[in-house]
Amino acid sequence: MWNIEEFTEAAGITVTELAAYVVESQRGETAALRRTSPRELAERLGLTDLIAKGGMTPDTYRDFLRTFLSEGTRLHHPGFLAHQTASPDFPAALADFVHGATNNPMAIYEMGAAAATVEFEVLRWMLAKVGFPAGGGVLTHGGSLANLTALLAARARAVPDAWEDGVPDDLMVLAPPSAHYSISRAVSILGLGRRSLVPLETDSLGRIDPARLPDISGKRVMALVAAACATGTGLHDDLRAVGEWCAERGVWFHVDAAHGASALLSDRHAHLLDGIALADSVIWDAHKMLRTSSLAAAVLVRREGDLDAAFKQEASYLFYGDQGFDLIGRAVECTKAELGLKIFLNLAWRGERGLGAYVDRQYAAAHRFWELARDRPGFTLPYEPESNIVCFRYGSGDQAEIRERLMRDGAFYLTSTELGGVRHLRVTVMAPATDDATLRALLDEIEAL
Ligand SMILES: *Cc1c(COP(=O)(O)O)cnc(C)c1O
C-alpha cells in the first residue's frame, strides 16, 4: 500500500521543483537544451545503482529530479523554437498527475466512468468545432495513430471486405509529397504497399494544386489526404477546393489538421480551415496547439458509423441503458490513458477563448519573426507564414551548420527542413515566453555566427 506521508512529501517536492523549473525556463536564464552524453547522464543520475538496488527516498528523489530537469529540454523556454510539441499548460499537467494515481484506462466505461464521459464530451466539442454534427470520434495516443485510424475507416468504406480478405492491388491513396510521414506509414501498415501512395501535383511550396488534381476515372482511390497545416512549412492546403473535388467524385477526403485544427478557436485564423467540414475524417492533436502534454489526439469522422465500420465492430459506442458506453471498438489501442482529462482541464481553466488567444499570439509571433527577418539583409524567406511555423535561410552557406552552432550553447533550439530540395532553418513558436526580444536576439545570433 502507499505510504501516504511519503507520497505527500514526494508530491510536494515535485511541485516545488517543477515550479522552479518552469519559472527558470520561462525566464530563459538557462539553456533551452543540454547535450550531455548519455554515458555521463547515466552516471550523474545514478541510474544503474538505482535500478539494481532501489531505495530512493524523498531526499534522494529531490536530487535526482533536479538533475533530471536541468538536463532535459525546456519547452517553456523562450528559445525553444523547435518541434511542434506543446509548451504544456498546468491544468493538463495536473491531469497527467491525476491519471498517474488513478489509472482509469477509459476505453471501457466501467473501467473509468468519469474519464470516459470526459472523453466523450471533449470529442463532442471537437466535432462541433470541425462542423460534424452527426459525427463521431475517439481520442488516440497521438496523431500518427489518429491518421492510421482515419485511413482504416477510409479503407472500410472503399473496400468493405478488406478486414477479412485484404486489399485489392489497384487501391490507391492520393497525397502531396509534403504529407507527414505517418501517412505513408499508414498506407504501408494498411497493406496497400507504399507504392500505392500516389503524389499529387503541388505548387513550389508543397501545397496541393487544385487545378492539377489527377484524372481518376477507372481508378480505385481509397482517400485523398490534405494538410492543415503541413508539418514542414505550416502552410494550408485549399480545403474547400480539394474537398469539393473529392465530393464530386465520391473520394474519401482526409484532413490532417494535427497542428492547425486549433486555429478553429481563433476568429482571426479560422478561415485557414475553410472547407474542413467537407472532410470525411479529420485528425487534431491536442498536444500541439491545445497545450496538453504528449500524447492526446483526436480522430473525427463526419458519419459516426464510419469509425466502427473501420474495425468491423458492432456499434459498441452506443449508450446501452444508463450503464455507459465503450469507445474501445473504434481505437487501435486497447488500454488508453485518461486523454480527455488533460484537454478538458485546459478548456475548463482557459476556456475556448483563452486557447484561441494562445493560437493568435503564437501565430502573430511567427509573423513578427518573418517581418523582422525580412528587414535584415542576408535572410531569405520563401513565403509569408500562415501559422506559427516559419522557414528561412541565412546567407548561402550550410544551414545545418548554423543550427548546430546555435544549439552548442543551447540558447536557441530550432529545427531544419528541406523545401524544394534546399535545406532551410525552421522556427516553430510554441512557448508563450517567446517575445520580440527573443526573436531579435535569435536573428542577431545567426548574423554573428
Ligand atoms: C505532428 C503531426 C503529425 C503526427 O502527430 P504525432 O502526434 O506526433 O504522432 C501528423 N501530421 C501532421 C500534419 C503533424 O504536424
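Could you go through the stretch 98-110 and let me know if any residue there is part of a helix (DSSP H, G or I) and hydrophobic (A, V, I, L, M, F, W, C). Yes, some residue in the stretch 98-110 is part of a helix (DSSP H, G or I) and hydrophobic (A, V, I, L, M, F, W, C). Within the stretch 335-359, residues that are over 9 Å from Leu290 (Cβ atoms) have Cβ atoms under 6 Å from residues that are modelled with pLDDT under 95 and assigned to a loop (DSSP other than H, G, I, E, B) in these pairs: Thr335/Pro105; Lys336/Pro105; Lys336/Ala107; Glu338/Asn104; Glu338/Met106, counting only partners at least 6 apart in sequence or on another chain.
Counting the residues of the stretch 90-103 that are crowded, with 20+ Cβ neighbours inside 10 Å and more than 28 Å from Ala365 (Cα to Cα) gives 1.
Counted as qualifying within the stretch 206-310 are the helices (runs of 4 or more DSSP H) with 3 or more residues that are over 23 Å from Val167 (Cβ atoms), namely 239-249, 286-289. Among the residues making up the stretch 290-305, those that are more than 24 Å from Leu81 (Cα to Cα) and buried (at least 22 other Cβ atoms within 10 Å of the Cβ) are Ala298, Val299, Leu300, Val301. Within the stretch 157-168, is even one residue touching an Asp or Glu at 6+ places or on another chain (Cβ under 7 Å) and open to solvent by 50 Å² or more (accessible area, probe 1.4 Å)? Yes - at least one qualifying residue is present in the stretch 157-168. Residues that are touching a residue at least 60 places away in the same chain (Cβ under 8 Å) and within 13 Å of the ligand (Cβ to nearest atom) are absent from the stretch 154-172 altogether. The residues in the stretch 205-234 that are hydrophobic (A, V, I, L, M, F, W, C), surrounded by fewer than 22 Cβ atoms within 10 Å (Cβ to Cβ) and within 16 Å of the ligand (Cβ to nearest atom) can be counted, and the count is 1.
Screening His287, His259 for residues that are more than 21 Å from Tyr383 (Cα to Cα) and open to solvent by less than 30 Å² (accessible area, probe 1.4 Å) leaves exactly one candidate, His287. Just one of (1) under 24 Å from Pro382 (Cβ atoms); (2) of a type outside the set (A, V, I, L, M); (3) within 14 Å of the ligand (Cβ to nearest atom) fails for Asn147. It is (1). Applying the set (1) surrounded by 24 or more Cβ atoms within 10 Å (Cβ to Cβ); (2) at pLDDT 95 or above; (3) not basic (Lys, Arg) to Leu345 leaves exactly one unmet item: (1).
Looking at Asp237, Asp274, just one residue is acidic (Asp, Glu) and either buried (at least 24 other Cβ atoms within 10 Å of the Cβ) or within 15 Å of the ligand (Cβ to nearest atom) (or both), and that residue is Asp237. Taking the stretch 172-186 as the range and being in contact with a helix residue (DSSP H, G or I) (Cβ under 6 Å, 6 or more places away or on another chain) and part of a strand (DSSP E or B) as the test, the residues that pass are Met172, Val173, Ala175.
Exactly one residue among Trp245, Trp252 is modelled with pLDDT of 95 or more, open to solvent by less than 10 Å² (accessible area, probe 1.4 Å) and away from the ligand (no atom under 13 Å from the Cβ), and that residue is Trp252. Being out of contact with any strand residue (DSSP E or B) (no Cβ under 6 Å at 6 or more places or on another chain), modelled with pLDDT under 95 and either at positive phi or not hydrophobic (A, V, I, L, M, F, W, C) (or both) is true of Gly397. When the residues of the stretch 133-144 are filtered to those that are under 15 Å from Asp308 (Cβ atoms) and part of a loop (DSSP other than H, G, I, E, B), the one that is nearest to the ligand (Cβ to nearest atom) is Gly135. Residues in the stretch 91-109: is at least one within 16 Å of the ligand (Cβ to nearest atom), within 31 Å of the chain's Cα centre (by Cα) and within 22 Å of Thr30 (Cα to Cα)? The answer is no; no qualifying residue exists.
The values are calculated or read from the model by the stated rules, or taken from the named source; none is laboratory data. Just so we're clear, the structure is a prediction, and the values are computed from it rather than from any experiment. As a convention, Cβ positions derive from the backbone with ideal geometry for all residues, glycine included, and neighbour counts pool all protein chains shown. Heads up: the accessible areas ignore ligands, DNA and RNA and are worked out on the full protein's heavy atoms, side chains in. Shrake-Rupley method; radii C 1.70, N 1.55, O 1.52, S 1.80 Å.
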